[in-house]
Structure formats: C-alpha cells, structure tokens
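> The following block contains the structure, expressed as structure tokens.
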Amino acid sequence: MAHVTEIARTDSEAETKEAVARAVALLEAGGIVAVPTETVYGLAADAMNPEAVARIFEAKDRPLFDPLIVHLPRKYLLHEVAEVPEDIAKVVAQLTETFWPGPLTLLLPKKPCIPDIVTAGLPTVAVRVGAHPVFGRIAKAFGRPIAAPSANLFGRISPTSAAAVFQELEGRVPLIIDGGACSRGLESTIIRIEPGEKKPIFHVVRAGPLSDDELKNFGKVRYQKHNDSVENQSPEAPGLLASHYAPRTPLRLIEEPGSFRPEPGKRYGLLSYRGSPEDGFIGRNDWAEVRILSPGSGKMPEAGVRFFFILRELDALGLDEIIAEPVPERAMGRAIMDRLRRASVG
C-alpha cells in the first residue's frame, strides 16, 4: 500500500511527545512505523498482531521465512513471550540485568502467544530491550511487545539515520520517527544459551556490538561459522542469510591486497578500515573514491558506528564496484566482517 511518508522530529520535548503519541497511535491501529534504536533504525509493528506484522514483511519485501526480533518495553516482560529453561535461568537473569536495555538479543523457546509469522514458524523467539530513549518511550507507552527488524528493503544496507530510512522506504511507511544517528551502528548481538559443565555456553548466532570480553564474564563464547547459514532456508535468527546487508553497487571483500587486480576502465571505490598505507590497499589502485571507517586510529567502536553510513555513501556514488578492506576480527570487528562477507559478491 502506498503512503505519504512523513518524518517526525524529536529535537524538543514537545516534538518528542507528539512523535511518541503518533507512533503509538499507529501501532495500536495495527500499522507500521519506522523507529530509532541504538543499533539501527527499525520498522515496528505490534508483535502480537499477525496482520500488523505482515505489513512489515510487505513494506520490506522480506521473505516470510526470515524471523523477526521482538522488542520488549520492560525486561521483566521476558517471561510473557519466552520460556526460560531452569538450567539457564540464572545466567539469563545475569545477562538481562547487565545488558538490558542494550544491544543483546536472546534466542529462547517462544510462548504460544507469539504469532508464528514473527518467528517464521520456529520454536524460538529472539528478544531484547532496546536502549534508545525515544524508542524506549514509544515501547513503554505502547506497553506491548514490538516486532522491529531493520527499516530497509530486504537484504540491503541497514539504515542508521531517518534520512536513510526515507531513502529506502519512502511511500512504503506512513511515518518515520527521527531520533538522530544510531549510537551503535550495527545490529544487536544474538546469542543462544546452552548449559555447560562449569559455565554456560553462549553460541553467538549473529555478531554485534557486544565484545567477547563483555560476554565471557558470564559464560563461554562460541561463534557460529558463516557457512552455517544457508540461502532460502529458515535461519534461526535475523540477519543470517548468506546474502544480506548488500549495497546495490557490487561489493567485494578482498582479504589480501595483493589479490586485487583492477580491470581497466572500471571506477572502483575503497572501503578502508583506517586509511593507512601500511594496510596495503590505499596505494594498490587509483581509487575513484575512498571512504575510511576509523581514520588513522582504527578504533573499532568508531568503525562500527560509521560502517553502514559509509557503505551507503559509497553506494550512492555511481561506482562500478566497491572494494572492502578486512578489519581485525576482534570486538566489533567480528560483526563488521560478518556484514562484509554477507554483502560481498565473492
């Protein structure tokens, strides 16, 4: 259904109150609204209303086999949407106390009240409590679980600003709540918890802003391999399909600078980690455009926040191909490399 897409600002308290009220009214009416989170902008609907959730899939052109994350207004509501097995109940309590609100999503057995369309028919539900103050006000005023995947066309670059949402979904959503730039810039870390002999085991299903050091205080951290995801089959959580986060411009991740062979006449853009000649990419070609994730310093938090913004910027320049440098696979670097591998054409 075509919409006139409006943007509601939140620069003042009066604007924020009005934006929150408009968002809640849409959710209560079974509609959809684009909202800011601390990770990326989300496309929100009442998670308990299957018809409302179906509008998310329609607006995004998202396949029904790809499950959604459920956002809770308050962490104590976890037990209303998910079963918490007794053998992991203690660590779930520790994790939610430490990381909620925040960019941690837990994959748990779902309660029957969660519609199958939300979980793509799977027996588990992905749940978190977001930390963005505006979305927090919307969620608490609405008072019910909210389904909210990223507010972009399926498989494309996740949006980290209201302008990016408008670029993606103009005419597909009635309202975008402008809560400013996202503070984290990458989707939440998703974990599945397994009891262990001495410590619980955290299977990191999707890498995100939380580091190993933050999680390992509570359990053993294991990462799911990229090849575990299979195209066109139901993934166990969002963002796991083999092709995802992709710009319209072909993107290629080159892990060794010496393996890049430019074709004559092609305009290449470079997505550089820190813009350093020492990394071997800057001097390898006469790049048409260069964009740097963390100029000079190579700071992972900065790189993570800038990643989708820079990728979207390169995508708008009419290049023949984007060449991406690798980043060190530590802390948020794991999440960046995961996105690059899924966005890459090979």
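> Calculate how steeply helix 89-99 sits against the longest principal axis of the alpha-carbon atoms of the chain, using the helix alpha-carbon long axis, and give the answer as 0 to 90 degrees to the nearest 10.
Computed tilt is about 60 degrees.
> What is the gain in length, in nm to one decimal, between Phe65 and Glu194 on full extension, counting 0.36 nm per residue of separation less the C-alpha to C-alpha distance?
44.0 nm
> Also, I was wondering about something else. Determine the equivalent ellipsoid of the chain by diagonalising the alpha-carbon gyration tensor, then write out the semi-axes as square roots of 5 times the eigenvalues, largest first, rounded to whole Å.
Rounded to whole Å, the semi-axes are 32, 25, 18.
> Report the extension gain between Lys90 and Arg248 in nm, rounded to one decimal, defined as 0.36 nm multiplied by the number of residues separating them, less their alpha carbon distance.
52.4 nm
> Something else now. Quick one: of the DSSP bridges fully inside the chain, what percent are antiparallel, nearest 5?
Beta bridges within the chain, antiparallel portion: roughly 40 percent.
> Using square roots of five times the C-alpha gyration tensor eigenvalues, list the equivalent-ellipsoid semi-axes of segment 1-118 in whole Å, biggest first.
Result for segment 1-118: semi-axes of 27, 19, 12 Å.
> Take the alpha-carbon centre of segment 116-159, take the same for segment 328-344, and report the distance between them in whole Å.
Measuring centre to centre over Cα atoms gives 22 Å.
> Which ³J(HN,Hα) values, rounded to whole Hz and listed in residue order, are derived for segment 271-277 from phi using the Karplus coefficients 6.51, -1.76 and 1.60 in 6.51 cos²θ - 1.76 cosθ + 1.60 with θ = phi - 60°, glycine and proline given as x?
9, 9, 5, 10, x, 9, x
> In segment 43-103, what is the volume of the convex hull around the alpha carbon atoms, normalised per residue and reported in Å³?
Considering the Cα atoms of segment 43-103, their hull volume per residue is 108 Å³.
> Then there's this: Under the rule of at least 5 residues apart or a separate chain, name every residue whose amide H is placed under 5 Å from the amide H of Ala8.
Ile176, Ile177, Asp178
> Would you kindly give the portion of the calculated P(r) for segment 180-224 that falls above 14 Å, as a percent of all Cα pairs?
49
> Shifting gears a bit: Please report Rg (one decimal) and Dmax (integer) in Å for the Cα set of segment 251-343.
So, for segment 251-343, Rg and Dmax equal 12.2, 38 Å respectively.
> Could you tell me how many degrees, from 0 to 90 and to the nearest 10, lie between the Cα long axis of helix 50-60 and the main elongation axis, the longest principal axis, of the Cα atoms of the chain?
Roughly 10 degrees between the two axes.
> Pop a pseudo-label 7 angstrom from the Cα along the beta-carbon direction at both Glu214 and Val290 and give the gap in nm to one decimal.
Those two pseudo-labels are separated by 3.1 nm.
> How large is the translational diffusion coefficient of segment 104-173 in µm² per second when you combine the Kirkwood radius over alpha carbon pairs with Stokes-Einstein at 10 °C and 1.306 mPa s?
Calculated translational D: 113 µm²/s.
> Per residue, how much space in cubic angstrom lies within the convex hull of the C-alpha atoms of segment 29-181?
So the per-residue hull volume is 100 Å³.
> For Val221, which sequence-distant residues (separation of 5 or more, or a different chain) have an amide H within less than 5 Å of its own amide H, given hydrogens modelled in the peptide plane?
Phe202
> For the chain, find the longest principal axis of its Cα atoms and tell me its angle to the long axis of helix 300-315, 0 to 90°, nearest 10.
Approximately 70 degrees, to the nearest 10.
> Which distance in nm do the two modelled labels at Leu153 and Ala25 give, with both placed 7 Å along the Cα-to-Cβ direction?
3.1
> For Glu263 and Gln167, what is the calculated FRET efficiency with R₀ set at 41 Å and r taken between the beta-carbons, to the nearest 0.05?
0.90
> Could you tell me what percent of the DSSP beta bridges with both partners in segment 50-192 are antiparallel, to the nearest 5?
Antiparallel: roughly 50 percent of the beta bridges in segment 50-192.
None of the figures in this text is laboratory data; all of them are computed from the coordinates on show. Worth saying up front: this structure is predicted, and the values here are computed from it rather than measured. All Cβ positions, glycine included, derive from the backbone under ideal geometry; neighbour counts span all protein chains shown.
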